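Notes to accompany the following structure.
The values are calculated or read from the model by the stated rules, or taken from the named source; none is laboratory data. Here the structure is a predicted model, which is why all the values come from computation and not from measurement. Don't worry about glycine lacking a Cβ; one is built from the backbone with ideal geometry, like all the others, and counts go over all protein chains shown. Side chains are part of the model used for accessible areas, which takes the heavy atoms of the whole protein and leaves out ligands, DNA and RNA. Shrake-Rupley method; radii C 1.70, N 1.55, O 1.52, S 1.80 Å.
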Amino acid sequence: MRPHTIPNSPFPRSFNESTHASSDPDAPTRATDGDASLARLSAVRKGYLNDDFAALFVPRAHLQPNRAPLINIGTWVRTIAIDRLVDQWLLRCEDQGVQAQIVSLGAGSDSRFWKLMAGSHASTLAKYVEVDFSEITGKKAMTIRKDRTLNGYLGPDTSPQLDNLSAGGGTGISSSVYNLVPADIRCPPDEALSALFTPDTPILSKTVPTLLLFECVLAYMPPSDSEALLAWFAAQFTDSAPLGAVVYEMFGLEDSFGKMMISNLKSRGVSLPGVVPYKDQASLPNRFTKTGFSRSQAWTLKDIRKEYIEAEEHERVSTLELVDEIEEIDLVLSHYAITSGILVPQGLERWFAWDLPKLQQGQV
Ligand SMILES: C[S@@+](CC[C@H](N)C(=O)[O-])C[C@H]1O[C@@H](n2cnc3c(N)ncnc32)[C@H](O)[C@@H]1O
């Protein structure tokens, strides 16, 4: 068994920062953003994903090597699943004639906002907020500011704002839809995320259906901090609007594969305290049911690949590159999961239908 993990392959050194050059204990965690961006870039270049914006967030993208097929496949499955849950949220809002807010925590160099703005749901987005450490938001703000394509989706009122978007300072962006907020989300949310609901000029409304995205970030945080964060968001929306959440991360790391992943990441200075409570698939929904959400469900990437992706898409992808790691794919994908949670105020029970769409009979 080779020590592959997705997206935090132990192989690539991040372009964002050297993990050993700094005494900052969070530098290795921030460096995982480089792995995620390179994995996305590779999956796009190889034809697994369509994303005109991914390369714009990767410095010297043309010099970056592609990832192994296994990593491309993991990135493909995870992106399809999250994209579909996001689409379903937006469609539900459209059906009801309302707009939506999306908040991506630990967003890193993610390009999903731009993909959405270039797509058919753009006018449904009332707000799109990205949160990450100030070192990451500072770089992202400058990338966006310097790139006409990225900047073009933010509108004329866009300006990077210094030192006023979080308690700890840092560079962010404020615009009518897109907001980039520097914050350490392990800190008490009332302070770290005060900009979101500040009484004078809140970024978010508590009466708009809101979807939280945690794409490979909670694993790096102590479980008590992520529980506090989820409970805080739940408290903001109880009785006012539906609140959905999507978590993507590893789980069940007590077997030999998991131990190898943990030790590979440890050698890079990255620890995964957030996976400890989640020993199997059945335990994953606990993170939502214990923090005030109404319902939750979890799917492994292995199941999503087999049961939720259409035969034509499998056929298309099977022609992209030679995959000689067949037996590893199931093993690796069975250690990653997407978990959704939803909190629905009384009277809005129709929102419980928000789900990852299953294949119709005969589509597999
Ligand atoms: C593996 S990357 C994922 C980036 C992005 N979500 C994606 O999927 O492409 C993890 C991101 O979480 C961020 N992160 C981790 N812990 C954080 C914290 N305590 N506060 C804010 N951001 C954090 C890192 O800086 C990094 O950008």
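Is the stretch 340-363 home to any residue that is in contact (Cβ under 8 Å) with a residue 40 or more places away in the chain, closer than 25 Å to residue 35 by Cα and either part of a helix (DSSP H, G or I) or under 19 Å from the mean Cα position of the chain (by Cα) (or both)?
yes
Only one of 225, 190, 200 is more than 16 Å from the ligand (Cβ to nearest atom) and outside any strand (DSSP E or B); which?
The unique qualifying residue is 200.
What residue, among those in the stretch 14-35 that are more than 12 Å from the ligand (Cβ to nearest atom) and closer than 24 Å to residue 55 by Cβ, is modelled with the lowest pLDDT? Show your work before the answer.
Here is the first cut: in the stretch 14-35, the residues more than 12 Å from the ligand (Cβ to nearest atom) are 15, 18-23.
Of the ones still in play, those that are also closer than 24 Å to residue 55 by Cβ are 15, 18-19.
Values: 15: 38, 18: 43, 19: 44.
Only one residue fits best here, namely 15.
Filter the stretch 88-106 down to the residues that are within 16 Å of the ligand (Cβ to nearest atom) and open to solvent by 10 Å² or more (accessible area, probe 1.4 Å) and list them by number.
Hit for the stretch 88-106 is 106, nothing else.
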